[in-house]
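Everything below concerns the one structure shown next.
The values are calculated or read from the model by the stated rules, or taken from the named source; none is laboratory data. Every value quoted in this text rests on a predicted model; they were computed, and no experiment measured them. Cβ: placed from backbone, ideal geometry, glycine included. Neighbour counts: every protein chain shown.
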Amino acid sequence: MDNWKPVIVAFVCNWCTYTAADLAGTSRLIHPPNVRLIRMMCTGMVDPKYVIKALLEGADAVLISGCHPGDCHYINGNFKARRRVKLLKEILPRFGFDERRVKLTWIGASEGVDFAKTIKEMVEEVKELGPNEARKQMVL
Ligand code: FES
C-alpha cells in the first residue's frame, strides 16, 4: 500500500486527555494528523465492543487514554478501563488482531506535549505493524 497512512481511533476522557489534545493544538505542537478523537466522559465508559467495532471497521489501531490513576473524576473509571483493556488484549487475537493495535495511556490535562509525543510514537508503531487487514474492506 503506497499511500497508506495509519488511522488511529482514540477514545479520550473529557477531563484529561481531551483537554491535553486541545492544549497540544492551542500550543501549536506538531503531531501526525492520523488520529480521530472520540470524546468520552471517562475511560471507564469505553466498552470493549467499541474498540472491536473500530478495528473491524478499519481503524489500524485504537488508543484509550484518560486521567492518571488516582485522578479519575469518577473515582475508579480508569481502573475499570485498565482491567478491561487487559482482558481485551487477551481476546483480540481471536478476532485476528494483534494486541499491539490497542494501547492504553494516561495523559493529564496539562500534558499536551505528552499527547503529541504519544500520537507520534503510536503512528510509528502502527506503521511497523502494517495496515489492519480489516481496513482493506473498509476505509474510515
Ligand atoms: S474521568 Fe478521566 S479517566 Fe475517568
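Per the listing 70, 108, 66, the residue uniquely within 15 Å of the ligand (Cβ to nearest atom) and either free of Cβ contacts under 8 Å to residues at least 12 places away in the same chain or in contact with a Pro (Cβ under 7 Å, 6 or more places away or on another chain) (or both) is 70. Looking across region 22-42, just one residue is in contact (Cβ under 8 Å) with a residue 60 or more places away in the chain, touching a strand residue (DSSP E or B) at 6+ places or on another chain (Cβ under 6 Å) and not in a strand (DSSP E or B), and that is 34.
Kindly indicate which of 127, 103, 120, 89 is among the basic types (Lys, Arg), assigned to a helix (DSSP H, G or I), modelled with pLDDT of 95 or more and in contact with a helix residue (DSSP H, G or I) (Cβ under 9 Å, 6 or more places away or on another chain). Break it down stepwise before answering.
Values: 127 fails: in contact with a helix residue (DSSP H, G or I) (Cβ under 9 Å, 6 or more places away or on another chain); 103 fails: assigned to a helix (DSSP H, G or I); 120 fails: in contact with a helix residue (DSSP H, G or I) (Cβ under 9 Å, 6 or more places away or on another chain).
After ruling out the rest, the residue left standing is 89.
Specify the residue that is farthest from residue 82 (Cα to Cα); the eligible residues are those in region 44-62 that are within 16 Å of the ligand (Cβ to nearest atom), out of contact with any Leu (no Cβ under 8 Å at 6 or more places or on another chain) and outside any loop (DSSP other than H, G, I, E, B). Once the filter is applied, the top-ranked residue is 50.
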